[in-house]
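**Q** One structure follows; several queries about it will come next.
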Amino acid sequence: MENGETKSDPTTRKRRRFRIVLAGLFHETHTFLDGLTTWEAFDARESENLLNARGDASPLGGILDYANQHDWTVIPAIMATAVPSATVQDDVLEKYWQRWIELARQPVVAGVDAILLVLHGAFVSQSYKDVEGELLRRIRSMPGAESLPVFGIYDLHANFSQAMATFSDCLIAYRENPHWDARDSAIRAASLLQRSLNEGIRPRQYFAQAPIIWPPTGTASASEPMLGLLQLARQLEQDNPEFWAVNVNAGFAFADSPDTGVSFSIVTIGDELNAHAALRRLVELAILNAEKGNVLESPLDDVLGEWRNIANKSKLSGLTVIAEPSDNIGAGAPGDGTGLLRGLLKYAIDNAAVCLADPTAVQQLANKPIGGTFVLSLGGRANRLSYGPITLECKLLRLCDGSFELEDKQSHLASLCGDRFDMGKCAVVQHAGVTILLTSRRTPPMDLGQWRHVGIDPENLSVIGVKAAVAHRKAYDPIATRHVRIETIGPCQSRLAAFNYQHVRRPIYPLDPLNLNGSLHK
Ligand SMILES: [Zn+2]
């Protein structure tokens, strides 16, 4: 279609080994958090170290496996990943880009077939509200890369931008939340690149934004409104063979930017009008179901009070999972909020467990005798939107290292870290009926290995508190008898009007009203 590529003979192209530059930049940025995320927070893999991800459970591992099977020559640049956290320091993008140039400039000038990227889509730095768009723009302006195919994979929570659509050829989103399909989606992106190179066809991308932001609690792919949107996307792909992909982007509410919110993108080799007609249908359906995605929690006292009443009347059996979305680690929260812990103690709930990220407390307990009792000030220090620390007399049950192998290699967590996660040094303490796992590093609660590694079998508990919105459900639903969500104060609370948005497009629901006809009041 472009660059005269269709004129060359596809059969010759098939026999050649494709030379692909592989790189990645992955961060979900919570711009309402205090402080800045520095380069030290990133795990940067380059050259051989990047290639070592082959076979692991991450999207990068999936692409490397595909590359191996299809005999690509992979030219590794740099992949930098950090768990969700505050606005990223400018320096990070510049350091990353510097290495990108050092590792990829010469091969690109010498001649490669394409560039393949692992991205998130909600990366915000001090100067750039759309870091992925900026990165793609820089890649496009490299000598030799102006007309190269640029393909990639990204997270369904992307705040997709016009720049992302303009400066790349084919970006593929995960389709599931929790993201158990991250690796498979990356392989899908790689296979579309293979198809493009084999057939000498360059797709184009079109995109549209809906006037909607959903909190993370409203973005589960198994529930409306995402369920219906994803079904419509699959239908559109089926009805329009020229669509290589129809992406549903739920957006990431806590990254304050002009692109924040729900959007859709279509990768197509067909007609622009067709793509826009399909995008309109998706936007209309999103508006129709906008309110279903504005999922709010009930106050902690209501939920725990009722739970206590039911538990007193009838002997409750099985595990109750209580999610605390306001301290959602997977969305950038510090994971040290004490709201739910205070609730469990207030309602004297027995046989319960919670996890707090508290390196200070772990440090204080290092070298202390197991079985000893200590007064500890726990959690509540990492963010000003919190209840503050809670002082408790605790019995020390266990001290251990925190590196564990994921039980589920297709989990949301695997999409972030591959096969293993390191919680840092850990301590397990007990106060009244609550066992508290203290970790040195924030650990998104997406794999039960986190508990079993420290000697706690979550299936034997009556109540377990998790700091998450949706992503924990793949791990916890199979062992839970019931599941509730509570509202507490914290940086990832679902009530979006509580945040001081400065950069989002307006009007936008739920910050502005949505009328019943589905169009917005001006
Ligand atoms: Zn995500």
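**Q** Under a crude label model (7 Å from the Cα following the beta-carbon direction), how far is Val375 from Leu288 in nanometres?
**A** Distance between label points: 6.2 nm.
**Q** So how do 291-299, 365-373, 44-52, 213-221 stack up, highest first, on mean other-Cβ count within 10 Å?
**A** 213-221, 291-299, 44-52, 365-373
**Q** What is the set of long-range amide H partners of Thr488 at a cut-off below 5 Å, with H atoms built 1.01 Å from backbone N?
**A** Ser326
**Q** Using Cα pairs under 8 angstrom and six or more residues apart, how large is the relative contact order of region 1-153, in percent?
**A** Over region 1-153, the number comes to 32 percent.
**Q** Let me ask something else about it. Relative to the first principal axis of the alpha-carbon coordinates of the chain, what is the inclination of helix 226-239, with its axis defined by its Cα atoms, in degrees from 0 to 90 and to the nearest 10?
**A** Result, in degrees: 20.
**Q** Fewest Cβ neighbours within 10 Å first, please rank Cys400, Cys355 accordingly.
**A** Cys400, Cys355
**Q** Cα centroid distance between region 251-297 and region 106-162, in Å?
**A** Using only Cα atoms to place each centre, the spacing works out to 21 Å.
**Q** Looking at region 83-153, which GluC sites (Glu not before Pro) are DSSP coil and have at most 15 other C-beta atoms within 10 Å of their C-beta?
**A** Loop-located and lightly packed - Glu146.
**Q** A further question follows. Between Lys315 and Asn500, what is the label-point separation in nm under the 7 Å Cα-to-beta-carbon projection?
**A** Taking the two extended label points, one gets 5.4 nm.
**Q** In whole Hz, what ³J(HN,Hα) sequence does region 130-141 give by Karplus (6.51, -1.76, 1.60; θ = phi - 60°), x for Gly and Pro?
**A** 9, 5, 4, x, 5, 4, 5, 4, 5, 4, 4, 8
**Q** Also: Glu48 to Glu393: extension gain in nm, 0.36 nm per residue of separation minus the Cα-Cα distance?
**A** Contour length minus Cα-Cα distance gives 119.3 nm.
**Q** Counting pairs of alpha carbon atoms under 8 Å apart in space and at least six apart in sequence, what relative contact order in percent does the chain give?
**A** Computed over the chain, the figure is 16 percent.
**Q** With the radius of gyration and the Kirkwood radius both derived from the Cα set of the chain, what is their ratio Rg to Rh?
**A** The Rg/Rh ratio comes out at 0.99.
**Q** Also, quick follow-up: Under the definition of Cα pairs under 8 Å and six or more residues apart, what whole-number percent is the relative contact order of region 394-503?
**A** Relative contact order of region 394-503: 22 percent.
**Q** Measure nothing but the geometry: give the 0 to 90° angle between the long axis through the Cα atoms of 182-199 and the longest principal axis through the Cα atoms of the chain, rounded to 10°.
**A** The angle comes out near 0 degrees.
We did not get these values from a lab; they are worked out from the coordinates using the rules stated. Bear in mind the structure is a predicted one, so any value in this text is a computation, not a measurement. Please note: Cβ atoms are built from the backbone with ideal geometry, for glycine as well, and neighbour counts cover all protein chains shown.
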